[in-house]
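The values are calculated or read from the model by the stated rules, or taken from the named source; none is laboratory data. Please read these numbers as outputs of a predicted model, since none were measured by experiment. Heads up, the Cβs are rebuilt from the backbone with ideal geometry, glycines too, and the neighbour counts pull from every protein chain shown. All accessible areas refer to the heavy atoms of the entire protein, side chains included, with ligands and DNA or RNA removed. Shrake-Rupley method; radii C 1.70, N 1.55, O 1.52, S 1.80 Å.
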Amino acid sequence: MAIQTEVIALPPRSPSRLAALRLKDFPLIPALILGFIALVAIFANVLAPHNPEIGSLTARFKPPFWQTGGSAKYLLGTDQLGRDVLSRLIFGARVSMVVGFTAVIFAGAVGTTLGIISGYLGGWVDQVIMRLTDAWLALPALMFAIFLAAIVGPSMWNIVIILGLVYWTRYARVIRGEVLSLKEREFVRLAIVAGCSKWTIMYRHILPNIINVLGDWLRVKLDPQLRQL
């Protein structure tokens, strides 16, 4: 006598809330490292054991604590002026983050503005901006930045301005190419028919679409670098 069995199909298990929050191919380890550095930079005043600018000549060239002659007072040792190396690293992280973020924002703002103007207006305006961009790109970035720093003098905000002036051309090239495509779209033509001015179209219709493209471009550029960490 044959025995019949009935197979009951169970409903698919719904993904957990934690799994739903996971991003595909998200660089978790680099993100944790950057997050840790950001927290150290933000709370540098609390975490730094010593004043990074004040040292003691009697404590010069102290080795790290794991070497002979080191102490727990100076975990990473001291420099030639007796300043704590660990404290200087902690406060240096704050300076590096401020310079990095503000320089990118400044360069992105300048490059995006000039790229939109160049791509949408075209004509002699496009020729002037693009020839200036080509001339800027022909200069060696590092040497040009050092040359400008020697002229304006050492300062955190001078470095931000210098980096913005050196790297705005990268943004301008990418943004101009996208604007050349966007200005032929129907929503731009409808805005022209509706009587919108050129500056209104660039600000209200082209810029919001450019921001998404700029974010994707930065992700593509930064993702291979983050994976190598």
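May I ask you to list the residues in region 61-89 that are of a type in the set (Phe, Trp, Tyr) and in a loop (DSSP other than H, G, I, E, B)?
Restricting attention to region 61-89, the residues satisfying the condition of being of a type in the set (Phe, Trp, Tyr) are 61, 65-66, 74.
Within region 61-89, Phe61, Phe65, Trp66 meet the criteria.
Which of the residues spanning region 97-134 are more than 16 Å from Val174 (Cα to Cα) and surrounded by fewer than 14 Cβ atoms within 10 Å (Cβ to Cβ)? Once the filter is applied, which keeps residues that are more than 16 Å from Val174 (Cα to Cα) and surrounded by fewer than 14 Cβ atoms within 10 Å (Cβ to Cβ), region 97-134 yields Gly100, Phe101, Gly123, Trp124, Val128.
Does Leu137 satisfy the criteria of being in a helix (DSSP H, G or I) and under 21 Å from the mean Cα position of the chain (by Cα)? So Leu137 fits the description; yes. In this structure, Arg60 does not qualify as open to solvent by 80 Å² or more (accessible area, probe 1.4 Å), closer than 26 Å to Gly35 by Cα and either without any contact (Cβ under 8 Å) to a residue 24 or more places away in the chain or not polar (S, T, N, Q) (or both).
Could you look through region 23-48, keep only residues that are part of a loop (DSSP other than H, G, I, E, B) and farther than 23 Å from Val95 by Cα, and pick out the one that is most open to solvent (accessible area, probe 1.4 Å)?
Selected residue: Lys24.
One line per residue, one yes/no per condition, for (1) in a helix (DSSP H, G or I); (2) touching a Gly at 6+ places or on another chain (Cβ under 7 Å):
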| position | (1), (2) |
| --- | --- |
| His50 | no, no |
| Glu53 | no, no |
| Phe91 | yes, no |
| Arg94 | yes, no |
| Thr102 | yes, no |
| Phe106 | yes, yes |
| Thr112 | yes, no |
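The condition of being at pLDDT 85 or above, within 23 Å of the chain's Cα centre (by Cα) and farther than 15 Å from Ile105 by Cβ holds for only one of Arg227, Arg204, Arg173, that being Arg173. Whenever a residue of region 113-135 is farther than 14 Å from Leu180 by Cα, its partners that are open to solvent by 20 Å² or more (accessible area, probe 1.4 Å), lying with C-beta atoms within less than 6 angstrom and at least six residues away or across chains, give the pairs Ile129/Leu114. Starting from region 75-91, keep only residues that are open to solvent by less than 10 Å² (accessible area, probe 1.4 Å), then list their pairs with residues that are among the small types (Gly, Ala, Ser) whose Cβ atoms are within a distance under 8 Å, requiring at least 6 positions of separation or different chains. Filtered contacts from region 75-91: Gly77/Gly70; Gly82/Gly55; Gly82/Ser56; Gly82/Ala59; Asp84/Ala48; Asp84/Gly55; Ser87/Ala48. Scan region 144-152 and tell me whether some residue there is in a helix (DSSP H, G or I), touching a residue at least 40 places away in the same chain (Cβ under 8 Å), among the β-branched types (Val, Ile, Thr) and closer than 26 Å to Ser96 by Cα. Taking every residue of region 144-152 in turn, none turns out to be in a helix (DSSP H, G or I), touching a residue at least 40 places away in the same chain (Cβ under 8 Å), among the β-branched types (Val, Ile, Thr) and closer than 26 Å to Ser96 by Cα.
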